[in-house]
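One structure below.
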Amino acid sequence: MARRPLVVGNWKMNGTVREAAELARAVAAGLAGEGAEAAVCPPFPCLAEVGRVVDGTGVALGAQDVSRHRPGSHTGEVSAEMLHDLGCRWVIVGHSERRTGLGETDETVRAKLDRARECGLAPIACVGETLEQREAGEADRVVRRQVDALLDGAGSEAVAGCVVAYEPIWAIGTGRNAAPEDAQAMHRGIRARIAERSSAAADSVRILYGGSVNDNNAAGLFAMPDIDGGLIGGASLDSGRFAAICRAAP
Ligand code: 13P
């Protein structure tokens with residue numbers, strides 16, 4: 001089955017509402033329907049304005065996180081219902097900056113994924129190992145555990161509607177991307193793990209690579225058979241570079 005490449009910009013905690021709107025306008029103009037399916041994930045305070053800007057363009061709206069809780073007394077949290085109401089199609093769950101920096105567990109990530117799906121949002125579930133884990137030869141085991149946690153929660157058929165993002169932590173924001181062959185080996189392993197539960201889900205699920213993707217290295221990564229696009233941090237804050245990355249998808 002052909003999987004349409006997807007390129008997602010994770011803007012992280014950057015910019016003002018006005019800057020986000022300007023960036024969104026430039027991204028939408030720069031893409032004009034070409035290349036991969038595209039989405040941008042601005043910070044929460046910018047979602048409404050960026051949603052207005054990208055409405056009706058080929059660029060979809062996503063959020064960077066979602067509460068694991070249903071609406072109610074959870075100060076500071078943002079529910080899946082609220083994100084859906086703002087026009088989000090996508091939501092990132094389990095980014096390593098939340099797993100390692102904010103103590104999110106596999107169980108939390110799974111609960112967020114379930115909440116997103118219940119509200120009609122498509123989760124982008126992040127997995128990936130630290131440098132220490134890779135150097136200790138534990139990368140495959142760590143990522144397998146993270147993938148299993150997603151499968152145990154959502155179920156293998158449900159995973160078909162999700163996107164998995166492999167983001168080796170040592171490659172995030174370091175300028176040191178995984179070699180395409182190494183990323184491909186991990187992506188193939190993730191797909192094989194999903195196939196043990198459902199070959200249909202494994203065929204259709206899109207697996208993105210993230211970690212220092214830029215306009216120079218994207219084509220080499222995206223040419224790999226199990227790399228279905230990218231989750232882009234730093235380079236997504238430049239509309240020209242982001243458009244070039246989207247055009248690098250086969
Ligand atoms: P960089 O592209 O800045 O390495 O960030 C990757 C990332 O964390 C995307 O979610």
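What follows draws every value from the coordinates through simple rules; no lab data is involved. Owing to the predicted nature of the structure, the values given are computational and were not obtained by experimental measurement. For neighbour counting, all protein chains shown are included, and Cβ atoms are generated from backbone atoms with ideal geometry for every residue, glycine included.
Mean-square fluctuations from a GNM of the chain, with a 10 angstrom spring cutoff on Cα atoms, peak among VAL50, VAL142, VAL27 at VAL142.
Volume of the convex hull of segment 82-140 (Cα atoms only), normalised per residue: 88 Å³. Stokes-Einstein at 10 °C, 1.306 mPa s, Kirkwood radius from Cα pairs: D for segment 98-207 in µm² s⁻¹? Approximately 112 µm²/s, per Stokes-Einstein.
Across the alpha-carbon atoms of segment 1-84, the computed radius of gyration and Dmax are 14.0, 44 angstrom. Residue-wise HN-Hα couplings along segment 177-191, as the Karplus relation 6.51 cos²θ - 1.76 cosθ + 1.60 with θ = phi - 60° gives them from phi, are 7, 5, 4, x, 5, 5, 5, 4, 4, 5, 4, 4, x, 5, 5 Hz; Gly and Pro carry x. Rg/Rh for the chain (Cα atoms only, Rh after Kirkwood) is 0.94. Highest mean first, the peptides 55-61, 240-246 sorted by other C-beta atoms within 10 Å per residue fall in the order 240-246, 55-61. In the chain, helices alone account for a calculated mean residue ellipticity at 222 nm of -12500 deg cm²/dmol, with every DSSP H run of four or more residues adding -39,500 (n - 2.57). Regarding segment 161-226, what is the average projected area of its C-alpha convex hull, in nm²? Value for segment 161-226: 4.4 nm².
For the chain, a Gaussian network of Cα nodes joined below 10 Å ranks GLU167, GLU135, GLU118 by mean-square fluctuation, and the top entry is GLU135.
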